[in-house]
Amino acid sequence: MGKCDSHYLGGSCYFLMCLAFGIGFVVFFSMNYSHERWRERYYRPSLCTVERITSCFKDICSYNLDNVDYIYTCYYFQWYVHFHIENNHTEIKYAYVNDSRRFDSCEKAFQTALIQHPLNSSDVCHYNSINNQEVQWEKPNSTSSLIGIIIGALIILTVLLCAICVFIENCLSSC
């Protein structure tokens, strides 16, 4: 008999592994959810005008292919923008907005930055009302994390339901 063999679980670790996976899923997405909910609460929309696109920045990126992690140098640009603070149209703030995407060359990063938000163009951005130097193009959104929590909870409920069914089946067959 193995370590996880159990009369009630049909001699298998399957239920315990699935339960652990579901719990890990819920914990991971709960942390993301709380972070995004905070950002939804404190980030405010504004209109950012691009004054310049800064020089190329290096970053370390990775991807996984066939269970092998590959690490490589990637690149991104920043936009230097000005915007107005909510309810104060006279106060102009300046900040850098990082591109959230990464590219395999400076040229690709620059071309994409130039196309997405050209010089002197204006677009909706979102600034942190507590630290208005933190600005991003994307609106904070916790929906995907909430979906992850729900999926994790469904995994846990399914595993527990299956474990109860196996327990009942084992009890009835031994009577």
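The values are calculated or read from the model by the stated rules, or taken from the named source; none is laboratory data. This is a predicted model, so every value here is computed, not measured. Neighbour counts run over all protein chains shown; Cβ positions are idealised from the backbone, glycine included. What goes into the accessible areas is simple: the full protein's heavy atoms, side chains included, and nothing from ligands, DNA or RNA. Shrake-Rupley method; radii C 1.70, N 1.55, O 1.52, S 1.80 Å.
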Pair list, Cβ under 6 Å, 6 or more apart: the range 39-53 residue more than 19 Å from Leu114 (Cβ to Cβ), other residue open to solvent by 50 Å² or more (accessible area, probe 1.4 Å): Tyr42/Ser129; Tyr42/Ile130; Arg44/Glu86; Arg44/Ser129; Pro45/Val124; Ser46/His84; Leu47/Ser122
Residue in the range 37-46 that is modelled with pLDDT of 85 or more, open to solvent by less than 40 Å² (accessible area, probe 1.4 Å) and of a type outside the set (A, V, I, L, M) present: yes
Options Ala163, Ala153; residue that is hydrophobic (A, V, I, L, M, F, W, C) and within 27 Å of His35 (Cβ to Cβ): Ala153
Where Val27 falls short, out of the listed (1) surrounded by 16 or more Cβ atoms within 10 Å (Cβ to Cβ); (2) hydrophobic (A, V, I, L, M, F, W, C); (3) closer than 30 Å to Leu157 by Cα: (1)
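Give me the strands (runs of 3 or more DSSP E) completely within the range 58-111, filtered to those with at least 2 residues that are surrounded by 11 or more Cβ atoms within 10 Å (Cβ to Cβ) and touching a helix residue (DSSP H, G or I) at 6+ places or on another chain (Cβ under 9 Å), ordered by residue number.
So the answer is 68-76, 78-85.
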Any hit, the range 96-114, residues being out of contact with any His (no Cβ under 6 Å at 6 or more places or on another chain) and under 12 Å from Cys48 (Cβ atoms): yes
In the range 126-175, residue surrounded by the most Cβ atoms within 10 Å (Cβ to Cβ) [restricted to those that are of a type in the set (Ser, Thr, Tyr) and assigned to a helix (DSSP H, G or I)]: Ser145
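Every residue, every condition in (1) at pLDDT 90 or above; (2) touching a Cys at 6+ places or on another chain (Cβ under 6 Å), yes or no:
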{"position": "Tyr14", "(1), (2)": "no, no"}
{"position": "Phe29", "(1), (2)": "no, no"}
{"position": "Tyr33", "(1), (2)": "no, no"}
{"position": "Val50", "(1), (2)": "yes, no"}
{"position": "Ser55", "(1), (2)": "no, no"}
{"position": "Asp66", "(1), (2)": "no, no"}
{"position": "Phe83", "(1), (2)": "yes, yes"}
{"position": "Lys93", "(1), (2)": "no, no"}
{"position": "Tyr96", "(1), (2)": "yes, no"}
Contacts under 8 angstrom Cβ, first residue in the range 57-72 being under 13 Å from Arg102 (Cα atoms), partner outside any strand (DSSP E or B) and modelled with pLDDT of 90 or more, 6 or more apart: Phe57/Phe77; Asp59/Arg102; Cys61/Arg102; Tyr72/Asp104
Residue within the range 109-122 that is touching an Asp or Glu at 6+ places or on another chain (Cβ under 7 Å) and closer than 18 Å to Glu36 by Cβ present: no
